[in-house]
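Enquirer: What follows is a structure written as structure tokens; I'll ask about it next.
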Amino acid sequence: MTIKGPLQSVLAGALLAAVSTASAQNFTWFGETADGNWLAGMKVESVGHGRRGYDDAANVGLLFGYEFSRPIGFEGTSSIEFELTDSFDKGDVADDSLFGVGGDWQSENIALYFTYRTPGNVYFKAKIGALRSDVTTSLDGSPSVKEQDTSFSYGAGLGLKLGAAGNFNVELEVVGSSGDNDLNMISVGGIYKFQ
């Protein structure tokens with residue numbers, strides 16, 4: 001994956017913030033203490049576009065987050081998670097697409113979610129948040145067209161806690177969005193919880 005331009009700046013800023021705040025002794029959220037653990041992970045996802053003639057693209061991504069130690073709703077956990085994904089395998093655009101000519105497409109996505117996970121070694125997860133997507137379509141014999149969209153996003157999935165301390169999770173999830181780009185993702189990934 002090659003990260004360019006604004007995504008590179010956002011990733012560098014997120015890494016710097018995570019390192020500096022993880023080392024702070026009395027970290028607060030809006031002036032209130034909220035004990036918890038930092039999260040980091042990776043995922044691979046199949047990205048579908050609702051537009052006719054667009055085959056799925058494949059993205060790889062990074063996740064950074066903070067899981068609050070205070071239980072909520074049926075003794076589950078909540079977290080704030082930032083995701084950054086980019087295409088490593090472009091999707092095909094068929095000749096019978098909306099444009100009437102073939103080509104390929106890719107997407108760069110930045111998202112921020114509030115996530116809930118139920119208790120247990122096998123657990124259910126749900127998340128809601130915002131997704132900013134940049135979809136680039138390259139048609140045969142034409143310049144690339146870039147479409148940007150920020151939309152409401154939602155998802156659900158299943159997870160499995162691994163390791164003696166239960167601090168490594170493997171998750172399978174489905175995510176949708178309500179915006180003009182009409183993206184939906186199916187992903188598998190791993191998350192490490194720093195304890």
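The values are calculated or read from the model by the stated rules, or taken from the named source; none is laboratory data. Quantities reported herein were computed from a predicted structural model and do not represent experimental measurements. So basically every Cβ, Gly included, is an ideal-geometry build from the backbone, and we count neighbours across all protein chains shown. These accessible areas exclude ligands, DNA and RNA; they are computed on the full protein's heavy atoms, side chains included. Shrake-Rupley method; radii C 1.70, N 1.55, O 1.52, S 1.80 Å.
Enquirer: Using square roots of five times the C-alpha gyration tensor eigenvalues, list the equivalent-ellipsoid semi-axes of region 150-195 in whole Å, biggest first. If you can, show how the numbers build up before the last one.
Expert: Values: eigenvalues 157, 20, 9 Å².
Equivalent ellipsoid semi-axes, largest first: 28, 10, 7 Å.
Enquirer: With the cut-off at 24 Å, tell me which of the pairs 43/161; 125/193; 90/125 have Cα atoms farther apart than that. Numbers along the way, then the final one.
Expert: Values: 43/161 16 Å; 125/193 16 Å; 90/125 28 Å.
As for pairs spanning more than 24 Å Cα to Cα, those are 90/125.
Enquirer: List the residues whose amide H sits under 5 Å from the amide H of residue 178, counting only those 5 or more places along or on another chain, with H placed 1.01 Å from N in the peptide plane.
Expert: 152
Enquirer: Here's a follow-up. Taking the Cβ of residue 151 as the centre, find all other residues whose Cβ is under 10 Å away and add up their charges (Lys, Arg: +1; Asp, Glu: -1).
Expert: On the way: positive: 132; negative: 149, 180, 182.
It works out to a net charge of -2.
Enquirer: Ordered by residue, what ³J(HN,Hα) values in Hz, to whole numbers, does region 182-189 give under the Karplus form 6.51 cos²θ - 1.76 cosθ + 1.60, where θ = phi - 60° and Gly and Pro are x?
Expert: 6, 8, 9, 10, 10, 9, 10, x
Enquirer: Can you give me the solvent accessible area of residue 77 with a 1.4 Å probe, rounded to the nearest 10 Å²?
Expert: Surface open to solvent at residue 77 totals about 40 Å².
Enquirer: Still on this model: Carbon and sulfur together cover what percent of the accessible area of region 49-186 at a 1.4 Å probe radius?
Expert: On the way: 3890 of 6600 Å².
The nonpolar share, carbon plus sulfur, comes to 59 percent.
Enquirer: Please work out the average accessible area per residue across region 55-159, using the 1.4 Å probe convention, and give it in Å².
Expert: Heavy-atom accessible area per residue stands at 47 Å².
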